[in-house]
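First comes the structure, then the notes that go with it.
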Amino acid sequence: MYPPKFEYYRASSVAEALALKQQHGGKFLAGGHSLIPVMNLRLADPGVVIDIGRLSGLKGISRENGTVRIGALTTHAMVAASADVPQALAEAAALIGDPQVRNRGTVGGNVSHADPASDLPTVFTALGATFHLQTAAGTRQVAAADFFTGLFETALGEDELLLAVTVPANPGGSAYKKLSNPASRYAMVGAAAVVSGSSATVAVGGLTPHARRCPSVEAAWAGGSGVEAAAAAVLNDLGDDILGDIHASADYRRQMAVVYVKRALAAAQSRAG
Amino acid sequence: MTQISVTINGKTYTKDVEPRTLLVHFLRDHLELTGTNIGCDTSQCGACTVHLDGLAVKSCATLTVQADGAAVTTIEGLASNGQLHPMQQAFWDNHGLQCGYCTPGMIMAATKLVEGRPEISDDEIRHGLEGNICRCTGYENIVRSVKAAAAQMGGGV
Ligand SMILES: Cc1cc2nc3c(=O)[nH]c(=O)nc-3n(C[C@H](O)[C@H](O)[C@H](O)COP(=O)(O)OP(=O)(O)OC[C@H]3O[C@@H](n4cnc5c(N)ncnc54)[C@H](O)[C@@H]3O)c2cc1C
Ligand code: FES
Ligand code: FES
């Protein structure tokens, strides 16, 4: 268990990180808790690693004008302990892996890696988060619905760095519920719901190639269906690209999506007060 | 090679390492601190858990270059003046191990878990040790050990 050889650069500013990336290519390294395991397994061999882990300006949670900004290098443990982030986000962060993983893994690394079994993409999708990206040429903002584009794929360009994610500070009642793989704790099914007045936004992940909104559930909820009926509508939102493996078949996960959407909706509703 | 300087169990080491050297290999192969074990190749078992700047981390998923400038504590650094740490003593007293392979990682994770929580519940202990897998004990005596140590430590370290 040794990662393949690579050239190592350590960035001391965002500008330097971007310049190093343009010059040498390779991969950024944040907490390393997705990149190092996949390198250990020889599933990745980037040749060059650019360590952004010491860019302290990208670490931390702040509130500004009704939004919460989560720096890319903020660890899962920090999010789980934060009273400033919407409840679904703290709840999801607290369910990631285990305490050791939460001490090293970062929000930016989690969403950039875009593992279909990750938790945060689902919550950010339901919250309608905004992703703040930077290249040497400038910055741009991408909505969650456009950021996650496929299995391990995002809108991030080759030489682009994620700086932060922003979410509404008070979106309403929010919740995240997941069916975990018993060994890794990764999500086999994850469901996030945000309930505000008579409307709800709902997303699922874990069983789909990337996190997705659930328009049928949202429409059923807005039409006055209760928790049970609205959750059952998730079956209309799931296409034929449901993931299955030795831990849980696609069919089982589809059924579990109904259960976990129901739990997320019920919890979000009770928190909406 | 990249030069790093790390303080391990109170002693500072300045060494040249290949960037791909995992912290666990640095500890075991370069410094011969073999108390930290490797139990898996998927970063799931927790046998390699050490403290990095006061936080429990998996040293098989951490590069040594990431620990440059940091303070690391391993199982070898827990006892002081020939006296076992209360968590080590509690594992001894409560039969918290069988083969002992998971034990260094369990103890390093558990010492952080109980900090500030002298009255931690069984459930909280089980949840807090999700990153540490034991193939022998069935966990009962591990939970018992951690609970006893938490009471003994009274919220301290
Ligand atoms: C045992 C174990 C269990 C886990 N369980 C879960 C779980 O239950 N749920 C879950 O969601 N996750 C889980 N994870 C993954 C964990 O959340 C990772 O920490 C996270 O996915 C990656 O974050 P990182 O900081 O470690 O990123 P890294 O591994 O450093 O980087 C991951 C990828 O993102 C890129 N990247 C990192 N930061 C940026 C940035 N700012 N801009 C652009 N690209 C960037 C890197 O180049 C790399 O390709 C688990 C991991 C382990 C080892
Ligand atoms: S050896 Fe590090 S988690 Fe198994
Ligand atoms: S005592 Fe043998 S693995 Fe835990």
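The values are calculated or read from the model by the stated rules, or taken from the named source; none is laboratory data. The model shown is predicted, which means the values in this text are computed figures rather than measured ones. Virtual Cβ from ideal backbone geometry, glycine too; neighbours counted across all protein chains shown. Accessible surface areas use protein heavy atoms only, side chains included; no ligands, DNA or RNA. Shrake-Rupley method; radii C 1.70, N 1.55, O 1.52, S 1.80 Å.
Values as computed for the structure displayed
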quantity	calculated
Some residue of segment A:39-51 being β-branched (Val, Ile, Thr), away from every other protein chain (no Cβ under 13 Å) and over 23 Å from B:His51 (Cβ atoms)	no
Filter result for A:Gly244 (farther than 22 Å from A:Asn181 by Cα and not hydroxyl-bearing (Ser, Thr, Tyr))	no
Matching residues, segment B:24-49, being of a type in the set (A, V, I, L, M) and either within 16 Å of ligand 3 (Cβ to nearest atom) or closer than 15 Å to A:Ile36 by Cβ (or both)	B:Val24, B:Ile38, B:Ala47
All positions within segment A:17-50 that are of a type in the set (D, E, K, R) and either open to solvent by 20 Å² or more (accessible area, probe 1.4 Å) or in the same structural domain as A:Asp159 (by TED's automatic domain parsing) (or both)	A:Lys27, A:Arg42, A:Asp45
Complete set of residues in segment B:20-69 that are acidic (Asp, Glu) and at the interface with chain A (Cβ under 7 Å from one of its Cβ atoms)	B:Asp41
Segment B:129-138 - residue that is near ligand 3 (Cβ under 9 Å from one of its atoms) and within 14 Å of chain A (Cβ to nearest Cβ) and, of those, surrounded by the most Cβ atoms within 10 Å (Cβ to Cβ)	B:Asn132
Residue list for segment B:84-116, filter: more than 17 Å from B:Gly35 (Cβ to Cβ) and more than 13 Å from chain A (Cβ to nearest Cβ)	B:Pro86, B:Ala90, B:Asp93, B:Asn94, B:His95, B:Gln98
Helices (runs of 4 or more DSSP H) contained entirely in segment A:31-113, each with at least 2 residues that are farther than 25 Å from A:Ala264 by Cα	A:35-40, A:99-104
Test for B:Gly77: is it more than 11 Å from ligand 2 (Cβ to nearest atom), away from chain A (no Cβ under 12 Å) and either more than 25 Å from A:Tyr9 (Cα to Cα) or open to solvent by 20 Å² or more (accessible area, probe 1.4 Å) (or both)	yes
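Yes or no, residue by residue, for (1) closer than 17 Å to A:Pro116 by Cβ; (2) touching a residue at least 40 places away in the same chain (Cβ under 8 Å):
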site	(1), (2)
A:Asn181	yes, yes
A:Val195	no, yes
A:Gly226	no, no
A:Ala233	no, no
